[in-house]
Amino acid sequence: MKTVLTYGTFDVLHYGHINLLKRAKALGDYLIVGLSSDEFNALKNKKSFYSYEHRKLILEAIKYVDLVIPEDTWEQKVSDVKKYSVDVFVMGDDWEGKFDFLSEYCEVSYLPRTPDISSTMVRNQPPHLISNYSDEIS
Ligand code: C2G
């Protein structure tokens, strides 16, 4: 079994997140998501709309996701990679290079970020603008 690991806040889920999770799962057989806790979000200067419990509930309903674990610190990645015998670590390429130190333990892959969508955009734009927006970019 080939295990893939990724991390994130995954707040106000959108198709950019789904694209990432779908491609991450395609790199192996079992996808683990390290979901940022509310406390860790504060360290990332992020305030999520949904609580950790609600973000976890949503992620666990996604067919690409096999296990959700809490992400509480920047430092836990090496121990997580060892604990879960991770073969591939995946992040969107907005993190390019930031986690190359993990290549000592597993493959490290940065996938192209889906353009023009973010949780902040979804939270701030009135719905009708979103539909026009997607019309423009499709
Ligand atoms: N992502 C993407 N395309 C988008 C938005 C996000 O591919 N339009 C990817 C990000 O690159 C990341 C994942 O989706 O790999 C989750 O994004 P966030 O929830 O914003 O996570 P982030 O705040 O980047 O936290 O230790 C790592 C951090 O916890 C990552």
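No lab work stands behind these numbers, since they all come straight from the coordinates. Note that the coordinates shown come from a computational prediction; the quantities given were computed from them, not determined experimentally. Heads up, the Cβs are rebuilt from the backbone with ideal geometry, glycines too, and the neighbour counts pull from every protein chain shown.
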Largest to smallest principal axis extent of the C-alpha atoms in the chain, angstrom: 46, 31, 28
Any chance you could give the angle, 0 to 90 degrees and rounded to 10, that helix 127-137 forms with the longest Cα principal axis of the chain? 70 degrees
Among the lysines, select those whose C-alpha is under 17 Å from the C-alpha of K77, and discard any that sit fewer than 8 residues away in the same chain. K44, K98
About the Cα centre, and with charges only on the beta carbon of Lys, Arg (+1) and Asp, Glu (-1), how big is the dipole of the stretch 1-49? Nearest 20 debye, please. 200 debye
The stretch 60-103 versus the stretch 110-125: alpha-carbon centroid distance in Å: 20 Å
Pairwise label distance in nanometres, K82 with S103, each label 7 Å out on the Cα-Cβ vector: 2.1 nm
Using only Cα atoms, tell me the angle between helix 15-25 and the longest principal axis of the chain; keep it within 0 to 90° and round to the nearest 10. 20 degrees
Extended-chain gain in nm, criterion 0.36 nm per residue less alpha-carbon gap, N124 and K46: 26.6 nm
